[in-house]
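Inspection log for the structure reproduced underneath, given as structure tokens.
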Amino acid sequence: MTAGAPTPSPETTAADRPPLPDGTAAPPPGGDPRADAHPMIWLASAVAGHRRAFAATLLSNLLGQTAALAAAVTGAWLLGRTVAGQAAPLDVAGAVLGGLVVVVTLATWWEMYVAHDLAYLVLARLRGRVYDALARIAPARLLGRRSGDLSAAVLSDVETLEWLFAHTLAQLVTAATVLVCGAVGAALLDPILLAVSLPLALCVLTVPFWLRRTSSRHGEELREATAELTSDVVDTVQGLREITAFGALERRRDLLAAKTRRLARAQAANASRGGLEAALTDALLAVAAAGTLLVVSALVRSGELAVADGPVAMVLAAASLGPASQVALLLKEYGTLRAAAGRVHALVTAPPNVTEPAAPRPPLEGEVVFEDVRFRYTPDGPEVLRGVSFTVRPGQTVALVGPSGAGKSTCVSLLLRYWDPDGGRITVGGVPLNELADADLRRLVTVVPQDVHLFAGSLAENVRLGAPGAPVEEALRDAQIGPGEFPDGLDTVVGERGVALSGGQRARVAVARALAVDAPVLVLDEAVANLDAENEARLAEALEAAGAGRPGAGGRATLVVAHRLSTIRRADHVVVLEGGRVTEQGAFADLAADPDSRLSWLLAHQ
Ligand SMILES: Nc1ncnc2c1ncn2[C@@H]1O[C@H](COP(=O)(O)OP(=O)(O)OP(=O)(O)O)[C@@H](O)[C@H]1O
């Protein structure tokens with residue numbers, strides 16, 4: 001039976017994938033052709049997809065800066081002529097100055113608008129790519145990472161890059177242009193004018209490089225301290241009940257205080273280095289301005305420069321100093337930008353955990369078969385599954401039983417294709433999982449996980465997570481959730497992580513969520529652990545009815561990771577897993593009747 005035509009999943013359709021920084025369609029996840037590029041170049045190329053916005057940012061910045069330079073030159077020219085006692089067309093000069101002031105004002109306003117527009121356009125894309133990367137590597141590569149750390153990568157690192165797109169790229173081009181214009185103008189009057197300002201302006205540009213290593217280290221320390229504090233605050237808020245119950249509030253507060261102090265130290269070190277850089281830059285600029293003034297005075301006194309040209313010469317010669325200090329300021333942020341760019345780049349280009357087939361096969365409903373499945377979590381870790389074979393037929397419930405650490409949850413993870421087996425294969429309807437499109441697999445296999453995560457939102461939104469258009473009432477009824485159980489019915493806000501619900505209610509909402517998908521394969525990973533005996537029995541009956549009653553599909557194939565005798569007893573088939581091997585399987589009645597069976601032993605030692 002075909003579950004449907006081989007519809008390409010959103011993940012496999014190039015048009016649906018978020019484009020690369022240059023706006024072209026992204027290759028399959030993990031296959032970014034720029035993966036090897038330097039992170040900063042990779043990021044700078046992100047503006048290529050927004051040429052218009054970048055051009056507008058550049059133009060507005062250029063217009064504002066050159067108009068400001070022109071205004072300064074006009075004012076200086078007027079001053080020079082007045083001081084030299086020459087006739088000065090005040091009305092014309094006044095009009096020009098007024099016009100330039102208007103241009104500067106409008107250009108500054110325009111730049112603010114377009115620069116941030118550009119930054120947010122690029123950042124929105126980047127966030128999309130970071131999210132895709134998280135989805136691609138989840139959950140396997142996320143297990144070792146803390147939520148605060150990930151939040152930092154997703155939120156603050158991307159936010160940091162706003163500086164790059166809104167205040168760096170176009171500004172660098174403008175600064176170079178203004179510097180060249182000023183230098184050429186001054187050189188036309190007298191090249192000697194540049195003797196002091198130009199070398200010192202170049203010197204200012206090197207200041208951030210003097211402390212580059214320290215700057216990178218400070219950027220990294222600051223980010224680590226922030227991420228650690230965020231993780232601990234999130235951890236504390238989420239675990240407040242346990243912290244209170246175990247009287248650990250005091251210790252937790254001390255821990256947070258220590259982390260806060262660490263962050264404050266990192267901030268202080270960073271600010272102190274920033275202050276030193278700023279002081280050095282200011283000192284160099286002051287020396288350059290004073291030196292230029294002396295040069296201009298000497299040239300005027302020696303008669304090489306007309307008195308009337310003195311102020312203009314001063315403005316042009318000093319014109320290089322403004323852009324130089326601006327660029328130095330931008331370069332000062334390089335360490336932080338580089339670190340943030342590196343982390344975002346690493347996340348976005350991380351190889352996928354499992355790859356989707358180039359030409360997925362049509363999904364077929366049918367039995368789930370584990371064939372000699374072998375698996376280890378890490379290449380040098382122990383083999384967790386050592387040749388596991390069993391079958392779950394449509395309409396059948398199979399209980400996976402075994403001691404803690406036997407590999408039951410690992411079987412579930414492999415059936416959901418969080419990882420691929422190292423040996424053997426898993427098929428649904430005869431099609432190996434790695435030959436199915438991800439979206440097809442999600443429609444074939446659904447799960448009630450061990451740790452149910454409910455999102456802040458309404459009951460209906462949570463139940464519809466996997467099937468946006470699903471009839472929620474039906475799924476809730478099947479999961480034995482009565483209409484009067486929640487005060488606001490489907491609109492009841494379940495609270496973040498389902499804190500507003502009892503453990504049993506959370507489990508039943510998770511079951512309803514899985515049933516709403518109406519997948520032919522249902523996996524329950526100890527979901528009933530939170531239910532009392534009566535609720536558990538009600539739910540089990542409902543699941544049996546829902547499984548058997550699935551129209552036109554010979555019933556639902558249900559795999560239950562079971563601990564309770566009542567759950568195991570209800571199963572059509574029991575698979576006993578120990579140390580990564582199937583040590584026994586068969587009907588519950590047969591296995592339980594044999595006092596020497598592994599099942600009897602396990603039940604006796606529960
Ligand atoms: N992400 C992981 N990385 C490395 N090893 C893991 C990981 N998850 C589980 N393991 C190891 O794999 C083995 C099987 O774990 P699994 O969770 O599948 O057992 P289980 O039978 O479901 O246990 P329980 O009944 O306690 O949940 C254990 O030794 C466990 O420590």
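What follows is calculated from the coordinates using simple rules that are stated; it is not laboratory data. None of these values were measured; they are calculated from a predicted model. FYI the Cβ positions are ideal-geometry reconstructions off the backbone, even for glycines, and counts take in every protein chain you see.
Relative contact order of the range 368-604: what whole-number percent is it, with Cα pairs under 8 angstrom and at least 6 residues apart? Could the numbers behind the result be given before it?
Details: 461 pairs, mean separation 66.9, N = 237.
Once normalised by length, the contact order is 28 percent.
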Residues Ala187 and Ala93, FRET efficiency given R0 of 22 Å [Cβ-Cβ distance, rounded to 0.05]
0.35
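Beyond 38 Å, what share of the Cα-Cα pairs of the chain is found? Please give it as a whole percent. It would help to have the intermediate numbers written out before the result.
Working: 93920 of 183315 pairs.
Tail of the P(r) past 38 Å holds 51 percent of the pairs.
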Hey, could you pull the Cα Rg and Dmax for the range 38-348, both in Å?
25.2, 87
For n ≥ 4 DSSP H runs only, could you compute -39500 (n - 2.57) per run for the chain, divide by its residues and tell me the 222 nm figure to the nearest 500?
-18500 deg cm²/dmol
Of all DSSP beta bridges in the chain, what percent run antiparallel (nearest 5)?
55
For the chain, which DSSP H helices look membrane-span-like by this rule: Cα extent along the axis of 27 Å or more and mean Kyte-Doolittle of at least 1.6?
169-189
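Which shape class, rounded, prolate or oblate, goes with the range 282-331 when its Cα gyration tensor gives a ≥ b ≥ c as root eigenvalues, a/c under 1.5 marks rounded, and past that a/b bigger than b/c marks prolate? Kindly include the intermediate steps, with their values, before the conclusion.
On the way: a/c = 4.72, a/b = 2.33, b/c = 2.02.
Cα axes put the range 282-331 in the prolate bin.
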Amide H neighbours of Ser389 under 5 Å, counting only residues 5+ apart in sequence or on other chains, H built in-plane at 1.01 Å?
Asp372, Val373, Val582
Taking N as its residue count, the alpha carbon Rg of the range 402-490 over 2.2 N^0.38 Å
1.36
Which distance in nm do the two modelled labels at Ala359 and Asp422 give, with both placed 7 Å along the Cα-to-Cβ direction?
3.2
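Determine, for Asp422, Asp596, Asp525, the number of other Cβ atoms within 10 Å of each Cβ, and report the residues in order from fewest to most. Each step should come with its number before you reach the end.
Values: Asp422 13, Asp596 6, Asp525 23.
Going from sparsest to densest Cβ surroundings: Asp596, Asp422, Asp525.
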All-pairs Cα distance distribution in the range 339-484, expressed in whole percent, bin size 10 Å:
9, 30, 33, 22, 6, 0
Would you mind calculating the relative contact order of the chain from Cα pairs under 8 angstrom and at least 6 residues apart, reporting the percent as a whole number?
16
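Based on Cβ point charges of +1 for Lys and Arg and -1 for Asp and Glu, what charge dipole magnitude is obtained for the chain about its Cα centre, in debye rounded to the nearest 20? Write down the numbers at each step before the final one.
On the way: 53 positive and 63 negative charges, 254 e Å.
With only Lys, Arg, Asp and Glu charged at Cβ, the dipole is about 1220 debye.
Please report the antiparallel percentage of DSSP beta bridges with both residues in the range 368-604, rounded to the nearest 5.
Values: 20 of 37 bridges.
Just about 55 percent of them are antiparallel.
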Using a cut-off of under 13 Å, list every residue of the range 376-401 whose amide N is near the label point 7 Å from the Cα of Thr583 along the Cα-to-beta-carbon line.
401
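Work through the residues other than Trp601 whose Cβ is under 13 Å from its Cβ and net out their charges, Lys, Arg +1 and Asp, Glu -1.
Details: positive: Arg598; negative: Glu578, Glu584, Asp594, Asp596.
Summing Lys and Arg as +1 and Asp and Glu as -1 gives -3.
State to the nearest 20 debye the size of the charge dipole of the range 368-604 about its Cα centre, where the only charges are +1 on K and R beta carbons and -1 on D and E beta carbons. The partial results should precede the final answer.
Details: 23 positive and 32 negative charges, 39 e Å.
Around 180 debye, computed over the range 368-604.
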On the Cα set of the range 266-391, report Rg and Dmax in Å, please.
33.2, 101
Mind listing P(r) for the range 197-301? All alpha-carbon pairs, 5 Å bins, whole percents.
2, 11, 14, 13, 10, 9, 8, 7, 7, 5, 4, 3, 3, 2, 1, 1, 0
Please arrange Val296, Val307 by counting, for each residue, the other beta carbons lying within 10 Å of its beta carbon, fewest first.
Val307, Val296
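Among Lys332, Lys408, what is the fewest-to-most ranking by other Cβ atoms within 10 Å?
Ascending number of Cβ neighbours within 10 Å: Lys332, Lys408.
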By average C-beta atoms within 10 angstrom, highest first, the peptides 312-325, 262-275:
312-325, 262-275
Please list, ordered by chain and number, the residues whose modelled amide H lies under 5 Å from the amide H of Asp422; skip anything fewer than 5 residues away on the same chain.
Arg374, Phe375, Arg376
Please compute the alpha carbon radius of gyration of the range 368-604, then divide it by the globular-protein estimate 2.2 N^0.38 Å. Two decimals is fine.
1.00
